[in-house]
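Reading through the structure tokens given below for one structure.
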Amino acid sequence: MAVSGITDVAISSILNHMVATGTYAKPTGLKLHLYKAEPNGGGAEVSAVVDDTAYTAENIAFADEGVTTNNRCYNSGVVTFDAVVYGSGAAPYNVTHWAVKDGSGVMMWTGAFPTTISRVAGEPLALNAGAIYLEITRTA
């Protein structure tokens, strides 16, 4: 997988759809997952047992088809995570990265938050529209 950005699974699917014999169905059921370190480097997703018993990945939607800015597609609505309820770790935890997975749990995209997010008991987390973006860059 890529260190950050589009995953190898997504790249293969897109390339096969565009220039090979495969067809690629748009993934459904996209969810935003929170991580305590870089997901592709072995970073652990927030644990609903150890970190936060209220944690679940949340639905995420992106701008209408064809609406991109600077080769980016931004989330189109607020994504809200419930208020933290300490798990067995009974302590605040930090979130540094995110991943977008499809409805089957396949990681499609990853990224880092611009700053570390400290999650403490009783506080929800709301990410505004435009806070998460998917980007494709070119080298030539």
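Brief remarks on what is shown
- Look at segment 11-24: where a residue is without any contact (Cβ under 8 Å) to a residue 24 or more places away in the chain and a partner is in a helix (DSSP H, G or I) and surrounded by 12 or more Cβ atoms within 10 Å (Cβ to Cβ), sitting 6+ places away or on another chain with Cβ atoms under 6 Å, you get GLY22/ASN16; THR23/HIS17; TYR24/SER13; TYR24/HIS17.
- Residue match in segment 51-67 (condition: farther than 20 Å from LEU30 by Cα, more than 13 Å from the chain's Cα centre (by Cα) and surrounded by fewer than 16 Cβ atoms within 10 Å (Cβ to Cβ)): yes
- Counting only strands (runs of 3 or more DSSP E) that sit completely within segment 70-121, those holding 2 or more residues that are over 21 Å from THR28 (Cβ atoms) correspond to 93-101, 107-119.
Yes/no per residue for (1) hydroxyl-bearing (Ser, Thr, Tyr); (2) surrounded by fewer than 16 Cβ atoms within 10 Å (Cβ to Cβ); (3) in contact with a Pro (Cβ under 9 Å, 6 or more places away or on another chain); (4) part of a loop (DSSP other than H, G, I, E, B):
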position	(1), (2), (3), (4)
ALA10	no, no, yes, no
ILE14	no, yes, no, no
THR21	yes, yes, no, yes
TYR24	yes, yes, no, yes
GLY29	no, yes, no, yes
LEU34	no, no, no, no
ALA37	no, yes, no, yes
GLY43	no, yes, no, yes
SER47	yes, yes, no, yes
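- Residue-level analysis places GLY130 outside the set of residues that are exposed (fewer than 12 other Cβ atoms within 10 Å of the Cβ), within 15 Å of the chain's Cα centre (by Cα) and in contact (Cβ under 8 Å) with a residue 40 or more places away in the chain.
- The single condition among (1) under 18 Å from the mean Cα position of the chain (by Cα); (2) loosely packed, with under 13 Cβ neighbours inside 10 Å; (3) not aliphatic (A, V, I, L, M) that ARG138 does not meet is (1).
- Residue match in segment 29-46 (condition: touching a Cys at 6+ places or on another chain (Cβ under 9 Å) and closer than 18 Å to TYR133 by Cβ): no
- Residue count, segment 105-125 (criterion: loosely packed, with under 11 Cβ neighbours inside 10 Å and more than 20 Å from GLY43 (Cα to Cα)): 1
- Residue ID - farthest from PRO39 (Cα to Cα), chosen from residues in segment 79-104 that are of a type in the set (Ser, Thr, Tyr) and buried (at least 18 other Cβ atoms within 10 Å of the Cβ): TYR86
- Looking across segment 33-71 at every residue that is charged (D, E, K, R) and within 17 Å of LEU127 (Cα to Cα), the one that is modelled with the highest pLDDT is identified as GLU58.
The values are calculated or read from the model by the stated rules, or taken from the named source; none is laboratory data. Only a predicted model underlies this, so the values are computations on that prediction, with no experimental measurement involved. Cβ atoms come from the backbone with ideal geometry, glycine included; neighbour counts cover every protein chain shown.
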